[in-house]
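Trainee: Sharing a structure below in structure tokens format, with a few things to ask.
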Amino acid sequence: MASIYPVILCGGSGTRLWPASRSDQPKQFLKLVGDLSSFQETVLRVKDIPGVAEIVIVTGEAMIGFVSEQTAEIGVLVTILVEPEARDSAPAVAAAAAYVEGQDPDGVVLMLAADHHIAQPEIFRDAAVTAAKAAEQDLIVTFGVQPTVPATGFGYIRPGAPLLDGSVNAVAAFVEKPDQATAERYLLEGYLWNSGNFAFKASTLLAEFEAFEPSVAAAAKACVALLKLDASLGRLDRETFAQAKKISLDYAVMEHTQKAAVVPAAFAWSDLGAWDAIWEASIRDHDGNAQDGDVDLHGATNVLVRTTGPYVGVIGVSDIVVVVEADAVLVCHRKDSQAVKTLVDGLKAKGRSIASRKSAAPNGTETLVSTDGFDVELRRVPGGDVVALPASTVQVLEGALEMDGDVYAAGALIPLDAEARARAIGAVTLLVTKPR
């Protein structure tokens, strides 16, 4: 069996998950379901697949820090390819394919989004191995998820004739997001959700790019020819990358290729595309409520409530979403979760910076005082996150920190002679005084 190279695409900001997700803190790096981000879950899901040779992350300059910190947190080594600009998915995927082909001419790419949630990783791994074996036969294999409801927010795949040993099917058609009646018909007719994840030989996909979008293939190969890795990080050349047409993989290749196949996948899958999807994927109590942070619920049913700081009390309501950040609060009905994008678009139209970035810095740090001798910072750390603290004096204002086996509650004063790592128990607010 050929070696497998997982390629994880780490772009996008998740507008529908505002105010938690913004450009300076994209959804794939947030811990929205459980103690890990969807990016971390994706990395852990692929690292133990039989035959995996190297995990490749494709991301933008602004997200390098997130990728490095979160892979270090879970102890996984990766190679990072940095896009100089966003040009949709095709140039990014092509560059990754060209890199893999340079490492291994027979290498199979397992191309995955960083922001999806899969509840049964062991079922995913079996499907990934099946898809990789089919990809060795020059097929471009997508994962088709068995629908559970007639969803209108996903694209669908109509499976065709069985291929190879019957483990995969030809793709008879890719279809766009349907209306409700059409989605109900698709469910009855055996259509699959299009997860947007793929397996293919790097050489096979590059050949299809050369046939259908040659500028994308040429730019990808030229970028990789110029690529220099420094500590497993390489930046794609800006001028060369810009020669690629700005286009998605679906439009560039999948709508034209005769090599498309689908592996039906039985795992529970979500693209975590809106707050109702977060509620669906979360652990819920006997009243159907999902909560995270400093929250009290009384007489509430089927609600999602999360806060990264302020206390939130919710009484006598049903089917709503409440999301509280230090600088913004969202309240909406769960069925209106998709409309959050409209709200954010309106904020952008008004020139409100709150639409795309948080008031504090991306790591939750706000400088209160800065002199020639020291800085005083206010740091807000979401519950469960691990924070790197500099040599400083740290005062716990709210919540509690776990460090080297000791727990420091609100009011604790912690002198640090050297950099240290600590985990937030619940949402934590710290006052950090450090010498300049």
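Trainee: Suppose we filter the range 89-125 for residues that are surrounded by fewer than 17 Cβ atoms within 10 Å (Cβ to Cβ), of a type in the set (Gly, Ala, Ser) and in a helix (DSSP H, G or I); how many remain?
Mentor: 1
Trainee: In addition: Name the one entry in Asp287, Asp271 that is touching a Ser or Thr at 6+ places or on another chain (Cβ under 7 Å) and surrounded by fewer than 22 Cβ atoms within 10 Å (Cβ to Cβ).
Mentor: Values: Asp271 fails: touching a Ser or Thr at 6+ places or on another chain (Cβ under 7 Å).
The unique qualifying residue is Asp287.
Trainee: Would you check which residues across the range 1-23 are within 20 Å of Ala72 (Cβ to Cβ) and surrounded by fewer than 18 Cβ atoms within 10 Å (Cβ to Cβ) and list them?
Mentor: none
Trainee: If you don't mind, there's one more thing I want to ask. Please tell me if Ala326 is surrounded by 16 or more Cβ atoms within 10 Å (Cβ to Cβ), aliphatic (A, V, I, L, M), outside the structural domain of Met63 (by TED's automatic domain parsing) and not in a strand (DSSP E or B).
Mentor: yes
Trainee: Still on this model: Of everything in the range 309-323 that's at negative phi and either loosely packed, with under 13 Cβ neighbours inside 10 Å or not assigned by TED's automatic domain parsing to the domain that holds Ala290 (or both), which residue is nearest to the chain's Cα centre (by Cα)?
Mentor: Of all residues in the range 309-323, those at negative phi come to 309-315, 317-318, 320-323.
Among the residues that remain, those that are also either loosely packed, with under 13 Cβ neighbours inside 10 Å or not assigned by TED's automatic domain parsing to the domain that holds Ala290 (or both) are: 311, 313, 315.
Working: Tyr311: 27, Gly313: 29, Ile315: 32 Å.
Once the filter is applied, the top-ranked residue is Tyr311.
Trainee: Could you tell me whether Leu205 is touching a Leu at 6+ places or on another chain (Cβ under 7 Å), in contact (Cβ under 8 Å) with a residue 40 or more places away in the chain and under 27 Å from Ser195 (Cβ atoms)?
Mentor: It is false that Leu205 is touching a Leu at 6+ places or on another chain (Cβ under 7 Å), in contact (Cβ under 8 Å) with a residue 40 or more places away in the chain and under 27 Å from Ser195 (Cβ atoms).
Trainee: Also, I was wondering about something else. Could you tell me which residue of the range 63-88 is surrounded by the fewest Cβ atoms within 10 Å (Cβ to Cβ), considering only residues that are acidic (Asp, Glu) and either at negative phi or outside the structural domain of Glu208 (by TED's automatic domain parsing) (or both)?
Mentor: Going through the qualifying residues, I end up with Glu85.
Trainee: List pairs: first residue in the range 216-232 and under 14 Å from Glu101 (Cα atoms), second residue in a helix (DSSP H, G or I) and among the acidic types (Asp, Glu) anywhere in the structure, Cβ distance under 7 angstrom, at least six positions apart or on different chains.
Mentor: Ala217/Glu210
Trainee: Only one of (1) assigned to a strand (DSSP E or B); (2) closer than 25 Å to Pro310 by Cα; (3) in contact (Cβ under 8 Å) with a residue 24 or more places away in the chain fails for Gly384. Which number is that?
Mentor: So Gly384 meets the others, but not (1).
Trainee: Residues to consider are Gln120, Gln146, Gln137; find the one that is over 23 Å from the mean Cα position of the chain (by Cα) and either at negative phi or not assigned by TED's automatic domain parsing to the domain that holds Leu206 (or both).
Mentor: Gln137
Trainee: Right, something else. Among what's in the range 221-243 and is in contact with a Leu (Cβ under 7 Å, 6 or more places away or on another chain) and outside any loop (DSSP other than H, G, I, E, B), pick the residue that is surrounded by the fewest Cβ atoms within 10 Å (Cβ to Cβ).
Mentor: Gly234
Trainee: Would you be able to tell me the number of residues in the range 125-134 that are over 24 Å from the mean Cα position of the chain (by Cα) and among the basic types (Lys, Arg)?
Mentor: So the count comes out to 1.
Trainee: Does Glu208 count as among the acidic types (Asp, Glu), over 25 Å from Pro50 (Cβ atoms) and in a helix (DSSP H, G or I)?
Mentor: Values: among the acidic types (Asp, Glu): yes; over 25 Å from Pro50 (Cβ atoms): yes; in a helix (DSSP H, G or I): yes.
So Glu208 fits the description; yes.
Trainee: Next up: Which condition number does Gln258 fail, the rest of (1) of a type in the set (S, T, N, Q); (2) touching a residue at least 12 places away in the same chain (Cβ under 8 Å); (3) in the same structural domain as Phe29 (by TED's automatic domain parsing) being met?
Mentor: Unmet condition: (2).
Trainee: Residues to consider are Arg284, Arg357, Arg306, Arg334; find the one that is over 24 Å from Ile118 (Cα atoms) and either outside the structural domain of Asp385 (by TED's automatic domain parsing) or of a type in the set (D, E, K, R) (or both).
Mentor: Matching residue, one of Arg284, Arg357, Arg306, Arg334: Arg357.
Trainee: Now for a separate question. Taking Val369, is it more than 22 Å from Phe29 (Cβ to Cβ), touching a Leu at 6+ places or on another chain (Cβ under 8 Å), in a strand (DSSP E or B) and not assigned by TED's automatic domain parsing to the domain that holds Gly12?
Mentor: No: the conditions fail for Val369.
The values are calculated or read from the model by the stated rules, or taken from the named source; none is laboratory data. Model, not experiment: these values are computed from the prediction. So basically every Cβ, Gly included, is an ideal-geometry build from the backbone, and we count neighbours across all protein chains shown.
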